[in-house]
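Structure first, then comments.
Every read-out reported here was derived from the displayed coordinates using simple, explicitly stated rules and does not represent laboratory data. Here the structure is a predicted model, which means the values were calculated and not measured. Ideal geometry is used to build each Cβ from the backbone, glycine not excepted, and the neighbour counts take in all protein chains shown.
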Amino acid sequence: MKTPVTVLGLGAMGTALARAFLAAGHPTTVWNRTPGRSPELDAARAATAGEAIAASPLVVVCLLVDDTVRSTLEGIDLTGKTIVNLTNSTPDQARTTAERVTAAGAQYVDGGIMAVPAMIGGPAAFIFYSGVPEAFEKHRADLSALARPEYVGADPGLAALYDIALLSAMYGMFGGAHHALALIGTENVPAEPFTERFLLPWLTAMLGSLPRIADELDNGPSGTAGSNLAMQAAAYDNLTGTSIAQGVDPMLLEPMGGLLRKAVAAGHGDADLAALVGLLRTPAG
Ligand code: FVH
């Protein structure tokens, strides 16, 4: 028999998680603050979070924001449970929730979902986990019903750090793409062919340089920069200038221009893009 699981939260993501557990044959109990959500799920319905938690050794929590996780679990006896919290959190929030959950008798594993609801249970989805290693290993196979599990360490804050790093990269990428689409839109260039023929191939080619940047960060520079920062800083003025001339807000472009100028002023004009990473770290970071 498959491990019974409880899912707290039946928003878009919680519903997808419950559906994946059900499809994998797990006896599944669900609870949602507002009753009646996702009536199509063939799961046991609990009237309270406490009743839902009592039903299963493995409890997956997926609510909107972190503080609601703590208020939902407040006062409930969690003895012997494994709490897997897949709610978006900061590393510090995850550590605080881990302390509270541990004090209430459970083992805590935090998670960061790298998927949208439609991807859950499919091959491209993965989830970062961190926290009590024994609890994760005990439920690794159960959690595999949701997405490929990627355990990143015992510190409960690590999964959130990995998650937020990838989300930051995604928003930066979409920010650039959105700016490009706004720019070509000023001359009524249709978005679809531009995206298919130029934007996607260009971004894909540029993403190919990420392993070289990572290698330089880990092992130091190797050879002369093909596209040095002084050249890039000089050309960057044309990006912001064109944006303003075409009536597109340069708000998404400006931070990178500022960072390039800072790098050149700090003597990194001959360096490659990897040199920018160190400049992003504040003294306390
Ligand atoms: N959907 C996505 O694409 C992303 C993918 C990556 C992971 N995120 C994170 O997953 C968390 C849940 O997201 P969601 O998409 O399920 O969000 P909603 O559909 O808006 O559902 C929110 C649920 O949270 C419940 N809730 C809200 N406030 C409270 C509260 N004070 N006490 C108890 N439950 C609460 C809400 O319940 P209700 O409004 O129906 O009563 C929903 O069940 C999130 O961290 C994403 O960042 C999703």
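Taken over the range 5-154, the convex hull of the Cα atoms encloses 95 Å³ per residue. Counting 0.36 nm for each residue step from Asp249 to Leu279 and taking away their Cα separation leaves a gain of 8.3 nm. For Lys81, a cut-off of 21 angstrom between C-alpha atoms picks up these lysines, skipping any fewer than 8 places away in its own chain: Lys2, Lys138. Relative to the Cα centre, the charge distribution of the range 5-154, modelled as +1 at Lys and Arg Cβ and -1 at Asp and Glu Cβ, gives a dipole magnitude of about 220 debye.
By the beta-carbon count within 10 Å of each Cβ, the least crowded to most crowded order of Phe198, Phe128, fewest first, is Phe198, Phe128. 3J(HN,Hα) along the range 137-144, derived from phi through the Karplus expression 6.51 cos²θ - 1.76 cosθ + 1.60 where θ = phi - 60°, amounts to 4, 4, 10, 3, 5, 4, 5, 5 Hz, with x in place of Gly and Pro. Here the Karplus curve 6.51 cos²θ - 1.76 cosθ + 1.60, taken at θ = phi - 60°, turns the phi angles of the range 10-22 into couplings of 10, x, 4, 7, x, 5, 5, 5, 4, 4, 5, 4, 4 Hz, with x standing for Gly and Pro. Computed from backbone phi with θ = phi - 60° and the Karplus coefficients 6.51, -1.76 and 1.60, the 3J(HN,Hα) list for the range 94-103 is 4, 5, 5, 4, 4, 4, 5, 5, 5, 4 Hz; x is used for glycine and proline. Here the chain is described by how far its Cα atoms reach on the three principal axes: 63, 43, 30 Å, from widest to narrowest. Under the shape rule built on the C-alpha gyration tensor, where the axes satisfy a ≥ b ≥ c, the range 141-285 is oblate, since a/c reaches at least 1.5 while a/b does not exceed b/c.
Given +1 on the Cβ of Lys and Arg, -1 on the Cβ of Asp and Glu, and no further charges, what dipole in debye does the chain carry about its Cα centre, rounded to the nearest 20? With Lys and Arg at +1 and Asp and Glu at -1, about 520 debye. Of Lys2, Lys81, Lys138, the sequence from fewest to most neighbouring Cβ atoms within 10 angstrom is Lys2, Lys138, Lys81.
With 10 angstrom as the radius, rank His139, His178 by how many other C-beta atoms surround their C-beta, starting from the fewest. It would help to have the intermediate numbers written out before the result.
Values: His139 21, His178 12.
So the ranking, lowest neighbour count to highest, is His178, His139.
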